[in-house]
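*Asks:* Got a structure for you, written out below as structure tokens; questions coming shortly.
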Amino acid sequence: MGETGYFDIVEGQSLPSGMLQYIRLVALCGSDAFLLESIFRNTIWGHLELPVTRSNEELICRVVRDACKFVISGFTTTIEKDEKLLEEGKDLGWKWLSR
């Protein structure tokens, strides 16, 4: 396929439209791959609105979890350091640092 899907996840908002369907599509394998047959070409997106199989859902959960771990590993500070910075920012009047 060679295409990448980008979705913005925002705290307090629902998941972006189409995100779960896209991940389910990418995770299709084994006996679930029958959905890729041409007979389902016009309806596959609708089929992917609901879980395909337990193994497909487990796979997408692992993929999302691993992606989150990867992103978090890029942070160079700890939660404690971040909380300290937020407190220091409040003391200095940096209101934009706090929620």
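The values are calculated or read from the model by the stated rules, or taken from the named source; none is laboratory data. Since the structure is predicted, the reported quantities are computational estimates derived from the model, not experimental observations. Positions of Cβ are generated from backbone atoms using ideal geometry, with glycine treated the same way; all protein chains shown enter the neighbour counts.
*Asks:* Would you pick out the residues in segment 28-42 that are modelled with pLDDT of 80 or more and under 23 Å from L15 (Cβ atoms)?
*Replies:* L28, C29
*Asks:* Does L28 satisfy the condition of being closer than 17 Å to V64 by Cα and surrounded by 11 or more Cβ atoms within 10 Å (Cβ to Cβ)? Outline the logic, then answer.
*Replies:* Working: closer than 17 Å to V64 by Cα: yes; surrounded by 11 or more Cβ atoms within 10 Å (Cβ to Cβ): yes.
In short, yes.
*Asks:* Restricting the search to segment 15-29, which residues are part of a loop (DSSP other than H, G, I, E, B) and under 22 Å from E58 (Cβ atoms)? Please lay out each step first, then the result.
*Replies:* Taking segment 15-29 and keeping what is part of a loop (DSSP other than H, G, I, E, B), we get 15-18, 27-29.
Answer for segment 15-29, where residues must be part of a loop (DSSP other than H, G, I, E, B) and under 22 Å from E58 (Cβ atoms): L15, P16, G18, A27, L28, C29.
*Asks:* Still on this structure: Looking at D32, D8 in this structure, which one is charged (D, E, K, R) and in a loop (DSSP other than H, G, I, E, B)? Steps first, answer last, please.
*Replies:* Values: D32 fails: in a loop (DSSP other than H, G, I, E, B).
Result of the check over D32, D8: D8.
*Asks:* Give segment 24-83 a look and list any residue that's acidic (D, E) and more than 18 Å from the chain's Cα centre (by Cα), or say none.
*Replies:* Taking segment 24-83 and keeping what is acidic (D, E), we get 32, 37, 49, 57-58, 66, 80, 82-83.
Passing the criteria: D32, E37, E80, D82, E83.
*Asks:* Now a separate question. How many residues, within segment 35-54, are of a type in the set (S, T, Y) and not in a loop (DSSP other than H, G, I, E, B)? Lay out the reasoning, then the answer.
*Replies:* Applying the first criterion (of a type in the set (S, T, Y)) to segment 35-54 yields 38, 43, 53.
From what is left, the residues that are not in a loop (DSSP other than H, G, I, E, B) are 38.
Selection size over segment 35-54: 1.
*Asks:* Can you name the residue in segment 56-92 that is among the polar types (S, T, N, Q) and farther than 17 Å from A27 by Cβ and is also surrounded by the fewest Cβ atoms within 10 Å (Cβ to Cβ) among such residues?
*Replies:* From segment 56-92, those among the polar types (S, T, N, Q) are 56, 73, 76-78; that's our starting set.
Right, trim to farther than 17 Å from A27 by Cβ and you get 73, 76-78.
Working: S73: 8, T76: 6, T77: 10, T78: 9.
Out of the qualifying residues, it is T76.
*Asks:* Considering only segment 1-23, state which residues are of a type in the set (D, E), modelled with pLDDT under 85 and under 13 Å from the mean Cα position of the chain (by Cα).
*Replies:* Listed by number, the list holds a single entry, E11.
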